[in-house]
Amino acid sequence: MCSIPLNYFVYLYFSFSKVTRRTYVVSDPTLRENITQQIELVANDVNALHEDQKLMKKQLSNLKKDLKEASDEADCLKKTLGKNTRQVTNEIESILSKNYIERPYYHGGKYNGKAMVCLMDYSH
């Protein structure tokens, strides 16, 4: 893009919807034609950028929709797999309670190394 001399006072006003222009009288016809061509090039570039922006927004909305569907599917899988994991946890709890191993309250309700040593002792 060529630079336009400032003493000819040609301005472009950009808005989000389209490019509007305000022109002033330039006495030299070749310079006037050159400025008009430059303005048209800039206006076409801006309009092309607006079209690209619309396409990117559409792609973004499609990607957001795909992400939402994938996260919903992941949540469903977590719910179904969580139930199976919980059944295994219950079976482990029952095995430990059969061997008289309980969760110590002083350890936050979690099993510690002493409980596992007792489990190994009872397994013989």
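Here are a few things to note about the model shown:
- Any hit, segment 89-105, residues being on the phi > 0 side of the Ramachandran plot and either at pLDDT below 80 or in contact with a Gly (Cβ under 9 Å, 6 or more places away or on another chain) (or both): yes
- All positions within segment 3-52 that are modelled with pLDDT under 55, in contact with a strand residue (DSSP E or B) (Cβ under 7 Å, 6 or more places away or on another chain) and surrounded by fewer than 12 Cβ atoms within 10 Å (Cβ to Cβ): TYR11, TYR13
The values are calculated or read from the model by the stated rules, or taken from the named source; none is laboratory data. A quick note: this is a predicted structure, and the numbers were derived from the prediction, not measured. FYI the Cβ positions are ideal-geometry reconstructions off the backbone, even for glycines, and counts take in every protein chain you see.
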